[in-house]
Amino acid sequence: DNLGDWSSDVCSSDLAKILRAVSTFIDRHASRFASVDGADSGAVHDRAGWYRAHGDGRLYLFTPQALADAAQGFDIKRVLSCLDKVGAIAERDNDRDGRLTKRIRIKGEGVVRAYVINPAALLAATEE
């Protein structure tokens, strides 16, 4: 039994649901993401992460808990595998652990680990 085949099958069966869930979370909860440079006008309540300008849009930097919330009901490893498969994880640290997180310096908070998600990649993948 080849585990690689299993993981791609598992991903494909839930792929659209997972991508839609994360995309919908961004649409509904954009106000829960703070600017990485601290440029927000007010306090961000129940923060899900941060955002940074990227081309014409934004990259969303999810805390691990927020990503789990966004794809509630799905195993986080499956969620990450699917996001990675469609190229929605925009940046990551190239460390030996093979983590899908990126260390990000947040103004006033220091360095945090976050999942850097490109919503444009989610959109492109769901339209295929």
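The values are calculated or read from the model by the stated rules, or taken from the named source; none is laboratory data. If you're wondering where the values come from, they're calculated on a predicted model, not measured in any experiment. Positions of Cβ are backbone-derived with ideal geometry, glycine not excepted, and every protein chain shown enters the neighbour counts. Areas reflect the complete protein model, heavy atoms only, side chains present, ligands, DNA and RNA absent. Shrake-Rupley method; radii C 1.70, N 1.55, O 1.52, S 1.80 Å.
Descriptive notes on the structure:
- Near pairs, Cβ below 6 angstrom, 6+ apart or cross-chain, from region 21-46 (under 15 Å from Tyr115 (Cβ atoms)) to any residue that is open to solvent by less than 60 Å² (accessible area, probe 1.4 Å) and among the aromatic types (Phe, Trp, Tyr): Ile26/Tyr60; Phe33/Trp50; Phe33/Tyr51; Phe33/Tyr60; Val36/Trp50
- Selected residue (criterion: surrounded by the most Cβ atoms within 10 Å (Cβ to Cβ)) from residues of region 39-58 that are touching a strand residue (DSSP E or B) at 6+ places or on another chain (Cβ under 8 Å) and in a loop (DSSP other than H, G, I, E, B): Ala48
- Residue in region 59-77 that is surrounded by 15 or more Cβ atoms within 10 Å (Cβ to Cβ), modelled with pLDDT under 95 and charged (D, E, K, R) present: no
- Filter result for the condition that a residue is more than 22 Å from Thr24 (Cβ to Cβ) and not aliphatic (A, V, I, L, M), over Arg96, Arg47, Arg52, Arg58: Arg96
- Exactly one residue out of Ile117, Ile106 is open to solvent by less than 30 Å² (accessible area, probe 1.4 Å), of a type in the set (A, V, I, L, M, F, W, C) and closer than 19 Å to Thr24 by Cα: that is Ile117.
To keep it simple, each residue is scored yes or no on (1) within 15 Å of Lys107 (Cα to Cα); (2) out of contact with any Ser or Thr (no Cβ under 7 Å at 6 or more places or on another chain); (3) at pLDDT below 90.
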{"position": "Ser12", "(1), (2), (3)": "no, yes, yes"}
{"position": "Ala16", "(1), (2), (3)": "no, no, yes"}
{"position": "Arg20", "(1), (2), (3)": "no, no, no"}
{"position": "Asp27", "(1), (2), (3)": "no, yes, no"}
{"position": "Arg32", "(1), (2), (3)": "no, yes, no"}
{"position": "Asp37", "(1), (2), (3)": "yes, yes, yes"}
{"position": "Ser41", "(1), (2), (3)": "yes, yes, yes"}
{"position": "Gly49", "(1), (2), (3)": "yes, no, no"}
{"position": "Gly57", "(1), (2), (3)": "no, yes, no"}
